[in-house]
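Here's the structure we're looking at; comments come further down.
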Amino acid sequence: MVLTVCINPSIDTAVYTNKFLLGQINIAESVIKVAGGKGNNAARIVKGLGCEVVALNLLGGFEGQF
């Protein structure tokens, strides 16, 4: 088992569009928000490799409510 301790987690936002035009207005097709930060991203990769993972996060403020 792998334990990650995330002292400063963040919220990662990914914006997807079908076509990106430089210098133009681009409209997002979808927006995805996930828990991020170095510890959470490492835990996500390790779990994807098939290992058991526990991610310990210290949460407060906006990130804690999310």
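Provide, in order from the shortest bin, the percent of all Cα-Cα pairs of the chain in each 5 Å bin, continuing until the bin that contains the maximum pair distance.
4, 16, 19, 16, 14, 12, 9, 7, 2, 0
Of ILE11, ILE45, which has the most accessible area with a 1.4 Å probe, and how do the rest follow in descending order? Walk me through the numbers on the way to the answer.
Working: ILE11 40, ILE45 110 Å².
If we order ILE11, ILE45 from most to least accessible, we get ILE45, ILE11.
Dipole of the chain, Cα-centred, from +1 at each Lys and Arg C-beta and -1 at each Asp and Glu C-beta, to the nearest 20 debye? Show your work: numbers first, answer last.
On the way: 5 positive and 4 negative charges, 21 e Å.
With only Lys, Arg, Asp and Glu charged at Cβ, the dipole is about 100 debye.
From a point 7 Å beyond the Cα of ARG44 in the direction of its Cβ, which residues of region 6-21 have a backbone N at a distance under 12 Å?
Only 10-15 fall inside the zone, counting backbone N under 12 Å.
With every protein chain left in place, what is the accessible area of VAL54 in Å² (1.4 Å probe, nearest 10)?
Result for VAL54: roughly 70 Å² accessible.
Give me the 1.4 Å probe accessible area per residue for the chain, excluding ligands and nucleic acids, in Å². It would help to have the intermediate numbers written out before the result.
On the way: 5330 Å² over 66 residues.
Per-residue value: 81 Å².
Give me the one-decimal nm value for the distance between modelled label points at ILE32 and PHE66, 7 Å along each residue's Cα-to-Cβ direction.
In this crude spin-label approximation the distance works out to 1.5 nm.
Cut-off under 25 Å on the C-alpha distance; same-chain residues fewer than 8 positions from LYS47 excluded. Which lysines are left, in chain and number order?
LYS33, LYS38
With a cap of 10 neighbouring Cβ atoms within 10 Å, and only residues DSSP puts in a loop, list the trypsin sites (Lys or Arg not before Pro) found in region 12-66. Don't skip to the end; give the middle numbers.
Numbers: sites: LYS19, LYS33, LYS38, ARG44, LYS47; in loops: LYS19.
Answer in residue order: LYS19.
Give me the angle, in degrees from 0 to 90, between the Cα long axis of helix 38-48 and the longest principal axis of the Cα atoms of the chain, rounded to the nearest 10.
The angle comes out at about 80 degrees.
The values are calculated or read from the model by the stated rules, or taken from the named source; none is laboratory data. Everything numeric in this text was worked out from a predicted model, so none of it was measured. Glycine gets a Cβ as well: all are built from the backbone with ideal geometry, and neighbour counts include every protein chain shown. Heads up: the accessible areas ignore ligands, DNA and RNA and are worked out on the full protein's heavy atoms, side chains in. Shrake-Rupley method; radii C 1.70, N 1.55, O 1.52, S 1.80 Å.
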